[in-house]
Amino acid sequence: MYKAKHIHICSGVTLHYIKTDKFKTDKITMLFSAGLDKVYTSYRTLLINVLMTGCRKLPDIKAINDRLYELYGADFASLNTKRGDIQQTGATIKFLNGAFTPDKKSMLSAALETVTDVLFDPLVKDGAFDEKIVSIEKKNLIDSIRADINNKTVYARKKCISLMCENEVYGISSEGEEAVVETIDEKKLYDFYKEFVSKTSLDIYYVGAQSEDEVVNAVRSTFEKIEIAPISYKKYPAVYDVDDVKRITEEMPVTQGKLSLGFRTGTVRNDKDYAALSIFNVIYGLAPTSKLFTVVREKMSLCYYCRSQLIETKGILLVSSGIECENKEKAEAGILQQLEEIKNGNVSDDEIVTAKKFYVNMLKSSFDSAGAMVAWTAAESYDGTDREQDDFIRDIMNVTKEDVVRVANKIKLDTVYYLKGNTHTDEV
Amino acid sequence: MKFEIREDAQFGEKIYSAVHESGVHILVCPKPLFTENYVMFGTKYGSSVDRYIADGESEVTSIPDGTAHFLEHKMFENEDGVDVFSLFGEYGASANAFTSFDKTVYEFSCTDNFEKNLETLIKFVQAPYFTKETVAKEQGIIGQEIKMYDDSPSWRVLMNLMSAVYEHNAVKNDIAGTVESIAEITPEILYKTYNNFYNPANMVLCVCGPADPETVFEVCEKTLKSVKPTHVSVVTEKEPETVKQKEVRIAMPISIPYFCIGIKDFGHTLSPADKSRREIAMTLLLSILFGKSSPLYKRLYESGYINESFDSEYNISDNYSIVIISGESNNPDEAYAIIREEIEKIKKNGIDDAEFEINKKALLGGAIDVFDKTDDTVYAMLSTYFSGIDFFDSFKPYYTVTKKDVLDMLDIFSDEYISLSVVDVMEDQV
């Protein structure tokens, strides 16, 4: 069990301190939050990629990595994710706790400095970023936007969500859009950067064994010279109404068809019904004991994977499956039939008990992961709440069969996306 | 059951070990501060076995490609018709399994009811049950799994590389087999394979988490069955030293070409201790040559020939060993040419002392990281056990490896041992 302590560092900057002696490494994560936006999302993504390739003190990839290698191979990575209607960009560093290094020295300050050097002290020439770096990262970003198609499972899932949410802010990709990326240059990006880091909200997450005082002091001294004017972002209510079910089929020369179904549940993470929806999801398609796994995969033998997931901030339920092209109708009918079963109350007490155990096990196992601790804390902060997992576990244990049937009956099909195979791949 | 305790003062970790009378080795790494227990029960048998001489026989038995993986799937069904997942589900555990080239592993993790779940794991892995009907049904499911991999460029580029590097070694065959090969699988084949390769003496059970080691041994004592040890010899054909094919290319509907460079090695024929040393020396060489701090990485990245996906690794097991350098590139041929050029440069100029030391330091830090996740710890315990070395001892070469050890690894970086596999972008995709 753990609890994050929220500490105000300076205007716009909050430290979330999580103390644990479990790990041999410490983790520091810094995340900027800003509203999803058709134009600026691309800027932010490109920006974080450019910043990660060098800063004033460590001017190229080699210099940054030499510093990380000196810190016993610290892991340093950029972050760019979508949480509800906001985009979170930043970086995370994981480094050995001093107790486990041969020289027994704490690396906290050096690690913190590496992250802040990269985020707040970039490589600038004549009021612009380096032209060559920006052009390489533009190309890499465009490649990466196009690369979605290389993993057809992920592609089908993303496509389903973007079609389903095409008129919502949530439908904006956190990666950015090719057309926007093309228009950015080193000067525009630097102008954007100056605005971005001076008006933002920055959350810093620390997970590790060092004392609160040590961490707070190190963070305060690092942020002494940094000035930030805090901003707020807008959140939109989750869409629940569905007029007509959207059906989109795309053809590609693939061997296996991919079927994705998007549903609206009308329930988001901080709603009273969320615990019941979570249990519904386990029973429907998350667990290997679920109806989708045991019926559509095992009994009907239609696919290798058929599972459901929730997008908690938007109340979206997504079912994904990989199937033989001729079985599309059968698979879709099977998936919808299992939902009907739950709506009609065909859920046993055993299924409820097993689902609760599965879910509680999943929640508790996240206590052993620094990344999961950060994710929970960030989700709470997005929801404007400060619950502990124990509170949520209690809600889960109180879910009844009636609750599950009730939330199931609120679920509406919104979008059916199908990636259909048309030829076999060519051997050259 | 008698057990031993080994302690490593530097990591502050302990391993409890015991051998059950059946021959199963049991290793426990206690993590009292953690919430979840992670358990793996594995056999040293994977997809790279295609022929063997069974216990008590003299003729060679051939098995269809994909048998190890098929068997792994089928173990989840019980004689009483109860699905194994539901048994774990009853006690809140999350269970899974995987098959690699050289091992098959059954695993679960749980935060509650540890003893019940451990019993379930041991019982189901020791109770094979196959019928014609269940085998036929699985052919449909695995057929879809194979097709899923058929559409994955990262998998195709790797498997094509393996068949370019190897002439005979069964590691070149797809782990899941093909739709045709799995069609040949029968309950009889599965039983025979099971009886020969799931012998307790060929297996290890590893636990990491808050569980009390003595409890683990007690559950094992009362649940593990004793079976007569089998003597199986795996049949392999002598593999030529050089690669079979220099280059292999296909095209797929993707956005950027994928490449994989393979360097054929024979390190797997060494003794366990030498293998472990070689693994670290080679990994260090790869870090110096291809790591993010290397001049080569900077050159390739800044010329736009690689992106963040660029990676290198050394795989060494009992049956094969290979260096793999992989990535995505808009110009894989140019990337390949530059990589070969830099290899020649380092062969000529050697390695700078500072570079050697800093890479060694980084590698050591990365290795200690394995203790922070129970699944990583368990997998490392299991793998080192199968390699025939002690888990804690496996870290020693990180401290003792020399520059000469690393330079010696350069011997295999020579044309006749290298293959290139590329998946190009298919034109007119849609």
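The values are calculated or read from the model by the stated rules, or taken from the named source; none is laboratory data. Since this is a predicted model, take the numbers as computed values, not measurements. Backbone-built Cβ (ideal geometry, glycine too); neighbour counts: all protein chains shown. In case anyone asks, the SASA skips ligands and DNA or RNA and just uses the protein heavy atoms, side chains included. Shrake-Rupley method; radii C 1.70, N 1.55, O 1.52, S 1.80 Å.
Out of the GluC sites (Glu not before Pro) in the stretch A:211-309, which ones are loop residues according to DSSP with at most 15 other C-beta atoms within 10 Å? Before the final figure, lay out each step's value.
Values: sites: A:212, A:214, A:224, A:227, A:250, A:251, A:298; in loops: A:224, A:227.
Of the GluC sites (Glu not before Pro), the ones in loops of the stretch A:211-309 whose Cβ has at most 15 other Cβ atoms within 10 Å are A:224, A:227.
Probe radius 1.4 Å, ligands and nucleic acids left out: which of A:268, A:118 has the largest accessible area, and how do the rest follow? Kindly include the intermediate steps, with their values, before the conclusion.
Details: A:268 25, A:118 0 Å².
Of A:268, A:118, the descending order of accessible area is A:268, A:118.
Cα centroids of the stretch A:229-263 and the stretch A:75-118: how far apart, whole angstrom?
For the stretch A:229-263 versus the stretch A:75-118, the Cα centre distance is 33 Å.
Which trypsin sites (Lys or Arg not before Pro) in the stretch A:249-281 pass both tests, a DSSP loop state and at most 16 other beta-carbon atoms within 10 Å? Could you put the intermediate results ahead of the total?
On the way: sites: A:258, A:264, A:269, A:272; in loops: A:269, A:272.
Answer in residue order: A:272.
At R0 = 51 Å, how high is the FRET efficiency between residue A:248 and residue B:228 if r is their beta carbon distance? Nearest 0.05 is fine.
The calculated FRET efficiency here is 0.30.
Please work out the Cα center distance from the stretch B:173-189 to the stretch A:331-396, rounded to the nearest Å.
37 Å
Taking 0.36 nm per intervening residue step and subtracting the Cα-Cα distance, what contour gain separates residue A:406 from residue A:126 on full extension?
Extra length available between residue A:406 and residue A:126 comes to 94.6 nm.
Can you work out the Karplus-derived ³J(HN,Hα) for every residue in the stretch A:363-376? Use 6.51 cos²θ - 1.76 cosθ + 1.60 with θ = phi - 60°, whole Hz, and x for glycine or proline.
Result, rounded to whole Hz: 5, 5, 5, 5, 5, 9, 10, 4, x, 5, 5, 5, 4, 4.
Starting from the Cα of residue B:33, move 7 Å in the Cα-to-Cβ direction to define the label point; list residues of the stretch A:65-106 whose amide nitrogen is under 15 Å from there.
So the set is A:95-101.
How about the stretch A:359-428: which GluC sites (Glu not before Pro) there lie in a loop by DSSP and see at most 14 other Cβ atoms within 10 Å?
Here the sparse-neighbourhood loop sites are A:388.
Quick check on my link table: of A:258/A:412; A:291/B:225; A:24/A:258, which ones sit more than 30 Å apart, alpha carbon to alpha carbon?
Distance filter (> 30 Å) returns A:291/B:225; A:24/A:258.
Step through the table entries B:246/B:292; B:137/B:244; B:292/B:347, compare each Cα-Cα distance with 30 Å, and write down the pairs that go over it.
With Cα atoms farther than 30 Å apart: B:137/B:244.
Could you work out how far the C-alpha centroid of the stretch B:112-165 sits from that of the stretch B:313-379, in angstrom?
29 Å
If you take every residue apart from residue B:63 with its C-beta less than 12 Å away from the C-beta of residue B:63, what net charge results, scoring Lys and Arg +1 and Asp and Glu -1?
-2
Kindly flag which residue pairs out of A:27/A:314; A:19/A:62; A:138/B:345; A:3/A:343; B:14/B:116 have an alpha-carbon separation exceeding 27 Å in this structure.
In this structure, A:27/A:314; A:19/A:62; A:138/B:345; A:3/A:343 exceed 27 Å between Cα atoms.
Can you pull the Kirkwood radius for the protein assembly as shown, inverse mean 1/r over Cα pairs, to one decimal in Å?
Mean inverse Cα-Cα distance, inverted, gives 28.8 Å.
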